[in-house]
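Each remark here refers to the structure printed beneath this line.
Derivation of every value follows stated rules applied to the coordinates shown; laboratory data play no part. Values in this document were obtained by computation on a predicted structure and should not be read as measured data. All Cβ positions, even for glycine, are placed from backbone atoms using ideal geometry, and neighbour counts span all protein chains on display.
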Amino acid sequence: MAFQLLTASNMGFCQGVRRAVERVMGVAEHETGVETLGALVHNREVQSRLEHCGVRAVDSVEDITGETVVISAHGVSPTVIDAIKTRGINIINTTCPYVSRAQQAALKLYEAGFFVIVFGDANHVEVKGILGWVGGEGIATVNVAELIQAIGSPAKLGIVSQTTQIPSRFALFVADLINSDLFRDAEIRIVDTICHDSRRRQKETLEMAGQCDLVFVIGGRHSANTRHLKEMCAAVADTRLIETADEIDPCTLAGKNKVGVTAGASTDDETIQHVINRLRDLGGA
Ligand code: SF4
């Protein structure tokens, strides 16, 4: 079988993840027992490479055994930072500047008396971190009906977004909220905290997917931005989320003329290259 192979012009490690991984790898070169608070990257391949270099992920502040801990690009709440400092542990903070911007936007809204809403996945570590900057008094949701049930109708509502959300969905959420009778008299302040890198990647991926019969999105199944890329591609083309080249089923390529490849922000260059090589072996050019 022969097919045309298209690749997204912007894929794989985003600025924030690349910066975090390079920093940790640099530290691991001359220090042993480097620990990260939670996974540094939501990608099993990258995590196992980090483990190979002696970097260990711990689940909580109580589990830290060394003198230094790394905070991932997703960031944490000030309470967590204080808990680490109280234990006398040094911090290597790789919080992405776009995430810090979202945290600070939420804090400013909170300090100005707004009830803070984070448009995002309440279980995602970045979102939990952002909510930590508003004293745990805000809420994370992607659903206005759910929001109304949970918070009633505060007089001042401040809205930020998880950095990797899809911009059109954020806009719809805000429109639904503004159109809701319950918030008619509220003062609503919106800060668009979707990261520029993620926004550009989504736009370019969608343009590529629109030309394809089949798209492979490479990334961890627990990675929020990878799942968002998959959802966007699936709206315009047959789409498969894969973590490694081994997951490519040659049968899916039968009858396809244009096959696209994109990757989430936590997918490393090596994994992407393996996928491209395998697709070339299977007839891609
Ligand atoms: S996706 Fe954006 S916000 Fe998240 S780590 Fe990457 S650059 Fe930072």
Can you pull the percent of Cα pairs in region 15-96 with separation above 14 Å? 57 percent
From fewest to most C-beta neighbours within 10 Å, the residues I159, I148, I71 line up as I148, I71, I159
Measure off 7 Å from each Cα along the Cα-to-Cβ vector at R18 and N143, then give the distance between these two points in nanometres to one decimal. 3.8 nm
Pairs of alpha-carbon atoms within less than 8 angstrom and 6+ residues apart define the contacts here; what relative contact order does the chain have, in percent? 24 percent
For the chain, build the convex hull from the C-alpha positions and give me its volume per residue in Å³. 126 Å³
Sites R280 and A234 - FRET efficiency at Förster radius 25 Å, r taken between beta-carbons, to 0.05: 0.55
Which log10 I(q)/I(0) values, to two decimals, does region 98-190 give at q = 0.20, 0.24 Å⁻¹ under the Debye formula with one point per Cα? -0.90, -1.33
Alpha-carbon Rg with Dmax, taken over region 48-139, Å: 14.3, 47
Efficiency of FRET between K85 and K156 - r from beta-carbon atoms, R0 35 angstrom, step 0.05: 0.65
Give K128/K230; K85/K128; K156/K203 a once-over and call out the pairs whose C-alpha atoms are over 26 Å from each other. K156/K203
For region 140-285, what is the convex hull volume of its Cα atoms per residue in Å³? 117 Å³
Stokes-Einstein D for region 144-209 at 4 °C, 1.567 mPa s, Kirkwood Rh over Cα pairs, in µm²/s? 98 µm²/s
Relative contact order (percent, whole number), region 98-190, Cα cutoff 8 Å, 6+ residue spacing: 33 percent
Given R₀ = 41 Å, FRET efficiency for D246-D176 by Cβ-Cβ distance, to 0.05? 0.50
